[in-house]
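Data first, discussion second: the structure below is written as structure tokens.
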Amino acid sequence: MKIRIEQIELVVYDFDGVMTDNRVLVDQEGTEAVVVNRGDGLAVAELRRMKVPQIILSTEKNPVVARRAEKLRIPCIQGSSDKKDTLIKHLKKHNINREQVIYFGNDINDREVMQWVGISIAPADAHPAIRKIADLILTSRGGEGVIREFLDLIGNGEK
């Protein structure tokens, strides 16, 4: 699949299972923490440098998601019970064509929106139902450089 960067109007990332390995650490106070991949952070920064708009769209409402988005300097929409509906509203607000949207998802709550956007991408360890409908399945597992692999595939990452 050939993806031309100049045709991308928006890249949307699910958080858990894409930017993370889908695990969460919970301390005795109930504070949650996740492990993210610095290579993904570099890839997000490179896409931003290339003027590719990006957002995180998460079902979870968790401060760790907001902090990561803040660190990456990309917007974050949290607490979405219907990701497709949330994305439709976002695209209308920003006058973005859904066919020019790339969506990274890994689980069944991503299925409807992945079938609706222009290009859907899944990590190697995504749920089987998601791998079945994804336009592109990466070799990286969630949290192990999914976005970095994408950047390399489109020919803009130094291999």
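All of the numbers you see were taken from the coordinates with simple rules; none came from a lab. On a predicted model such as this, the values are computed, not experimentally measured, just so you know. So basically every Cβ, Gly included, is an ideal-geometry build from the backbone, and we count neighbours across all protein chains shown.
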Query raised in the report: Is one or more of the residues making up the range 41-59 outside any loop (DSSP other than H, G, I, E, B), β-branched (Val, Ile, Thr) and exposed (fewer than 10 other Cβ atoms within 10 Å of the Cβ)?
Result: no
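Conditions tested, residue by residue: (1) under 22 Å from residue 150 (Cβ atoms); (2) of a type outside the set (Val, Ile, Thr).
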residue	(1), (2)
25	no, yes
31	no, no
36	yes, no
48	yes, yes
51	yes, yes
56	yes, no
62	no, yes
66	no, yes
**Report entry** Hey, residue 96 among the aliphatic types (A, V, I, L, M), touching a residue at least 40 places away in the same chain (Cβ under 8 Å) and either touching a Lys or Arg at 6+ places or on another chain (Cβ under 6 Å) or over 28 Å from residue 32 (Cα atoms) (or both) or not
**Finding:** yes
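Within the bounds of the range 6-27, is there any residue that is surrounded by fewer than 17 Cβ atoms within 10 Å (Cβ to Cβ), out of contact with any Pro (no Cβ under 9 Å at 6 or more places or on another chain) and within 24 Å of residue 96 (Cβ to Cβ)? So that I can check it myself, show each step before the final result.
Kept after step one, since they are surrounded by fewer than 17 Cβ atoms within 10 Å (Cβ to Cβ), are these residues of the range 6-27: 6-7, 23-27.
Checking which are out of contact with any Pro (no Cβ under 9 Å at 6 or more places or on another chain) leaves us with 6-7, 23-27.
If we keep only those that are within 24 Å of residue 96 (Cβ to Cβ) too, we end up with 6-7.
For the range 6-27, residues surrounded by fewer than 17 Cβ atoms within 10 Å (Cβ to Cβ), out of contact with any Pro (no Cβ under 9 Å at 6 or more places or on another chain) and within 24 Å of residue 96 (Cβ to Cβ): present.
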Query raised in the report: Scanning the range 100-156 for residues that are of a type in the set (S, T, N, Q) and without any contact (Cβ under 8 Å) to a residue 24 or more places away in the chain, which turns out nearest to residue 8 (Cα to Cα)?
Result: 120
Query raised in the report: How many residues does the range 77-87 hold that are outside any loop (DSSP other than H, G, I, E, B), free of Cβ contacts under 8 Å to residues at least 24 places away in the same chain and surrounded by 13 or more Cβ atoms within 10 Å (Cβ to Cβ)?
Result: 1
